[in-house]
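Engineer: Mind looking over this structure? Questions follow.
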Ligand code: NAP
């Protein structure tokens, strides 16, 4: 079955965005790319994408505009810049897809700006890191009107294996923050328990061998324990981004009237690791707190 070729703009070619854009090129879509710094653009152009000089120009050539940027501030700069922002280039009827992990509050603001152009917004952040992006195994958490989500799905499919429509605008962003809060609490827990068990005299190799066999152990946590024990962690998801997500989920919960005491405790620990110079290290470097 052949794929219908879509015109897609990809804004933000960092660790995740570059891998996601490559999957869209490989799927045969007509992909235009923009990134703040140039080397990432050149790599995508070598793979078959077209470069654009500004987010506005990229958006003006596409029916679907995907962004994958650091945070609310980066997303705001790329979508709303008064002269070069992507919103100014959106075609009427286009679908804007915000894949960055951002706040539901910002998604609401962005939706207003997008709808002024006669376009629709879908928030579609992802779970999974660089290996899952390489393997097109990302899990998408999606918010937005059903008709816009239906249109976005064929564009998301080459990048992932699961697509959860969680509700209206902002619900993808909200759910994503909750998923990362769950992950953070588990990481903080396994880091302190690993230290406790080693100090008690159990060999680290025995711990990481036994841990995956329990029904309560998720594959992600078993993998994290292995990386913590080896203390040789490639950077996949840096602590700086986890601190950002835990801050965002705290803000979102406060607005919704929810309480997240455990998430708050995990945030303090990730902040401590950041303060000790591990911000650009992988999230598993939280184990360094117990060296
Ligand atoms: P990254 O490698 O640091 O890439 C960040 C991207 O944002 C780069 O393209 C960067 O441009 C751009 N950017 C940052 N500030 C900007 C600004 N002010 N104006 C314009 N562009 C700006 O991060 P990543 O790992 O790809 O993560 C991207 C998003 O996905 C984040 O929201 C993150 O929380 C989320 N996420 C990450 C992972 C993961 O495992 N890494 C997993 C799931 C979700 P330059 O290249 O010019 O710096």
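Engineer: Criterion first (within 24 Å of residue 120 (Cβ to Cβ) and away from the ligand (no atom under 13 Å from the Cβ)) does residue 24 satisfy it?
Structural biologist: Yes, satisfied.
Engineer: For the stretch 1-34, give me the residue count where each residue is more than 18 Å from residue 53 (Cβ to Cβ), in contact (Cβ under 8 Å) with a residue 40 or more places away in the chain and surrounded by 21 or more Cβ atoms within 10 Å (Cβ to Cβ).
Structural biologist: Residues meeting the conditions: 5.
Conditions tested, residue by residue: (1) within 11 Å of the ligand (Cβ to nearest atom); (2) under 14 Å from the mean Cα position of the chain (by Cα).
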| residue | (1), (2) |
| --- | --- |
| 79 | yes, no |
| 84 | yes, no |
| 97 | no, yes |
| 101 | yes, yes |
| 122 | no, no |
| 130 | yes, yes |
| 139 | yes, yes |
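Engineer: If you don't mind, another one. Restricting attention to the stretch 227-246, which residues are within 11 Å of the ligand (Cβ to nearest atom) and without any contact (Cβ under 8 Å) to a residue 40 or more places away in the chain?
Structural biologist: Result: 243, single match.
Engineer: Follow-up. So which residues in the stretch 27-55 are within 13 Å of the ligand (Cβ to nearest atom) and part of a helix (DSSP H, G or I)?
Structural biologist: Of everything in the stretch 27-55, those that are within 13 Å of the ligand (Cβ to nearest atom) and part of a helix (DSSP H, G or I) turn out to be 38, 39, 40, 41, 42, 43, 44, 55.
Engineer: May I pose another question? Restricting to the stretch 94-111, count the residues that are part of a helix (DSSP H, G or I) and more than 10 Å from residue 169 (Cβ to Cβ). Don't jump to the end; show me each part of the working.
Structural biologist: Residues of the stretch 94-111 that are part of a helix (DSSP H, G or I), as a first pass: 104-111.
Subsequent filtering for residues that are more than 10 Å from residue 169 (Cβ to Cβ) retains 105-106, 109.
The qualifying residues number 3.
Engineer: Next question. On the basis of being away from the ligand (no atom under 13 Å from the Cβ), modelled with pLDDT under 95 and closer than 19 Å to residue 127 by Cβ, does residue 219 make the cut?
Structural biologist: Yes, satisfied.
Engineer: Could I ask something else about it? Looking only at the stretch 197-218, which residues are in contact (Cβ under 8 Å) with a residue 24 or more places away in the chain and under 23 Å from residue 264 (Cα atoms)?
Structural biologist: 218
Engineer: If you don't mind, there's one more thing I want to ask. Answer with yes or no whether residue 66 is under 23 Å from residue 143 (Cβ atoms), in a strand (DSSP E or B) and within 12 Å of the ligand (Cβ to nearest atom).
Structural biologist: Taking the combined requirement at face value, the residue satisfies it.
Engineer: Here is a follow-up. Examine the stretch 147-164 for a residue that is within 16 Å of the ligand (Cβ to nearest atom), surrounded by fewer than 20 Cβ atoms within 10 Å (Cβ to Cβ) and part of a helix (DSSP H, G or I), and state whether such a residue exists.
Structural biologist: Within the stretch 147-164, not a single residue is within 16 Å of the ligand (Cβ to nearest atom), surrounded by fewer than 20 Cβ atoms within 10 Å (Cβ to Cβ) and part of a helix (DSSP H, G or I).
The values are calculated or read from the model by the stated rules, or taken from the named source; none is laboratory data. Just so it is clear, the model here is predicted, and its values are computed rather than measured. Cβ atoms come from the backbone with ideal geometry, glycine included; neighbour counts cover every protein chain shown.
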